[in-house]
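In what follows, a structure is listed as structure tokens, so that the remarks can point back to it.
The values are calculated or read from the model by the stated rules, or taken from the named source; none is laboratory data. A quick note: this is a predicted structure, and the numbers were derived from the prediction, not measured. Backbone-built Cβ (ideal geometry, glycine too); neighbour counts: all protein chains shown.
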């Protein structure tokens, strides 16, 4: 106990929140060391999310005073996490201010996105910069865990070999429900996985002692778009994803929707056609993903099994009446589900990722037609958008998972890197 | 500025939250007066939500020290909000401790629940005690605002006349979307209301200068069940409500789901049967409420229009094959929607309020059968429950709206009441 003060716990200020907790008590204040570590994390996070900034900007945004910011930046620089550099290409009058920037090339996370039909991996530098990226096709119906792990290893090894430094952590996105110990994938129906301790297995496969953090591809996609993409200013957002299936990540009131056990957001298994729909892998009939997933599109368009998103898109431009009917049908079903989500969540933005990203240009008019039948108030507030991060929303979200411990405690157990400058 | 200290803003600790705000700064601490007012609110809220408690219990729960609790309780007692009394009927050894209890009979809110087919109103004492309660039928298709306001006035006047003190505020639950200035009901389709400034109009109708707070019946229902009912320990909960339509209130991560504009939770307009369903008042086809609302039940059971919930329930016990088919059909559609919500929100509890409360006993088996097809992980975590507060969840939630300003600042502008004891 190095000081005393009045500790204020913030009390929720919702329209009906009753402040049954949050008494203001004279309690031991946090220690100077805790304050310092916390504020190091705040500054590094600001640089990571908002990009290079002058000390003056950091002072203004953080609310810290100038001398504190100077001291903390020096510590971060000594640890090899940031550097100070004159800005390049900034015209205009006056002396250019010196910018603090994250050392993206030296401080990086290994991100992996495991899809049902694709794999991608990247070295992502502090600040969210993709330094190096590889991808490969994942043969459908060959998603056995050992096969996938081996493919990931082969994709990742050249990335690791080309890097001068070790990653700060490993993050993985998967099309399934994640929870429990060992970074368990509880259920990934389209890979056929049940209770796979992916974090442990992948660490072993890569012979790495680094922590492996695993997240759902939808949750990670909406996180990345919320940090740096089209949902950056949105308190309420939905990110659709998936290739064969249809998943989502949802942000409500600025926070991720998790549900009681971390399994919320399973939009693909919203039954929209229980009377006449097809049987879903989950056992129900007429789930949204059976109407708008890849299989539904392949069937409707008469395209061969295993077609890529681009091949499916090409098939939609066929001039035949059957192709036009198929596109209209898929677009309408996509719109039915989107309108449901708009009525349920009243989001500011729905982001079309995964397969819907590729097909959005041809489906948009039908989606908007269905959406026009949603309730007026939420409909008027929603934007329909493509991901600002292209195909990499979930991959970049996986990198954030890996960065999280560093951003929370930048110097925790960290050995200073040699400064190459 | 009466003191300085280290102010700690709590930083979200979600699995991937980046602490871009929340620097710890040496800032002016809150004043002693602010601390006192805040802590008065904390103690009064504890008594309101948890009921009578000894000073020792209040000290333990609030984290405040004994002398502070004693001083604050004295202030609350002097203002006529609480009293100290020996416990009644507490057996056992030892000296019974003196209990602090809210003065429910003197400090009360006027609560009104406006339904499509019913009206109810109550004097609700501090602590959530119903002191006096009236209800009346609301003729269907006679929901013109002036008619409803007049009916509310006639219901409320005897309640006010029988009371010795004035209410602390007025709270109203409505089956519609609420938002904007004047406590506007943006849309209540089953009443035919669009942009009705209900708060202003009802205040004028009752010739009251008290603030009138208006909320959605689902939001208020889940709030009440979360404070004192079957969702009391649940971080994630759904409360179904409605007579003609179907609404809901949703709690996610311990907080109300509002959406970007306060319109989230419109479960009744989740389209579950867009191909073959009936046209809904919202303009879409096959909305959940067209399959399980009162009209669907009346049609399926061949019951006369305007039947009460109890009459609908009676019709379900008819021994005919058609009645059995109707019950099975309605139960299944109810289950389809509940399974969707379980997959989307992963709640700990779904509470069946409104019309579904009356019919739950006969529909439960079909709901559970449909739910068994939901995804395993969220299904295993959910309880299906009847409201602990009976038909009054939304009414009691409306009282909470009215109590909120008092609980936030118990002595704000308040004249001490004479103590009748």
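A compact table of results
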item: Filter pass, residue A:249 being closer than 26 Å to residue A:138 by Cβ, surrounded by fewer than 24 Cβ atoms within 10 Å (Cβ to Cβ), within 26 Å of the chain's Cα centre (by Cα) and at pLDDT 85 or above; result: no
item: Filter pass, residue B:230 being more than 22 Å from residue A:263 (Cα to Cα), away from chain A (no Cβ under 11 Å) and buried (at least 19 other Cβ atoms within 10 Å of the Cβ); result: no
item: Pairs where the first residue, in the range A:345-365, is within 14 Å of another protein chain (Cβ to nearest Cβ) and on the phi > 0 side of the Ramachandran plot and the second is surrounded by fewer than 24 Cβ atoms within 10 Å (Cβ to Cβ) and modelled with pLDDT under 95, C-beta under 7 Å, 6+ apart; result: A:346/A:381; A:346/B:260; A:346/B:261
item: Flag if residue B:284 is within 9 Å of chain A (Cβ to nearest Cβ) and surrounded by fewer than 21 Cβ atoms within 10 Å (Cβ to Cβ); result: no
item: The range B:160-180, residues that are part of a loop (DSSP other than H, G, I, E, B), more than 18 Å from residue B:243 (Cβ to Cβ) and within 22 Å of the chain's Cα centre (by Cα); result: B:167, B:168, B:169, B:179, B:180
item: Filtered residue count, the range B:252-272, keeping only those that are in contact (Cβ under 8 Å) with a residue 60 or more places away in the chain, touching a helix residue (DSSP H, G or I) at 6+ places or on another chain (Cβ under 6 Å) and surrounded by fewer than 24 Cβ atoms within 10 Å (Cβ to Cβ); result: 1
item: Residue satisfying condition, being in contact (Cβ under 8 Å) with a residue 12 or more places away in the chain and more than 14 Å from chain A (Cβ to nearest Cβ), within set B:82, B:42, B:61; result: B:82
item: Residue B:35 vs. criteria touching a strand residue (DSSP E or B) at 6+ places or on another chain (Cβ under 8 Å), under 30 Å from residue A:258 (Cβ atoms) and modelled with pLDDT under 95; result: no
item: Residue B:212 being crowded, with 24+ Cβ neighbours inside 10 Å and over 21 Å from residue B:353 (Cα atoms); result: yes
item: Number of positions in the range A:344-362 that are part of a helix (DSSP H, G or I), farther than 17 Å from residue A:298 by Cα and either in contact with a strand residue (DSSP E or B) (Cβ under 7 Å, 6 or more places away or on another chain) or modelled with pLDDT under 95 (or both); result: 2
item: Residues of the range B:61-94 that turn out to be modelled with pLDDT of 90 or more and in a helix (DSSP H, G or I), as a count; result: 13
item: Unmet requirement for residue B:333, which otherwise passes all of (1) more than 23 Å from residue B:141 (Cβ to Cβ); (2) assigned to a loop (DSSP other than H, G, I, E, B); result: (2)
item: Filter pass, residue B:404 being more than 18 Å from residue B:112 (Cα to Cα) and within 14 Å of chain A (Cβ to nearest Cβ); result: no
item: Those residues of the range B:161-175 which are surrounded by fewer than 24 Cβ atoms within 10 Å (Cβ to Cβ) and within 12 Å of chain A (Cβ to nearest Cβ), in sequence order; result: none
item: Filter result for the condition that a residue is at negative phi and over 17 Å from the mean Cα position of the chain (by Cα), over B:156, B:130; result: B:156
item: Flag for residue A:307 being more than 13 Å from chain B (Cβ to nearest Cβ), modelled with pLDDT under 95 and more than 26 Å from residue A:118 (Cβ to Cβ); result: no
item: Of the criteria (1) assigned to a strand (DSSP E or B); (2) closer than 29 Å to residue A:348 by Cα, which one residue A:194 fails; result: (2)
item: Subset of the range B:194-221 [within 10 Å of another protein chain (Cβ to nearest Cβ) and either free of Cβ contacts under 8 Å to residues at least 40 places away in the same chain or under 9 Å from the mean Cα position of the chain (by Cα) (or both)]; result: B:194, B:215, B:219, B:220
item: Unique residue being within 12 Å of another protein chain (Cβ to nearest Cβ) and modelled with pLDDT under 90 when the list is B:98, B:24; result: B:24
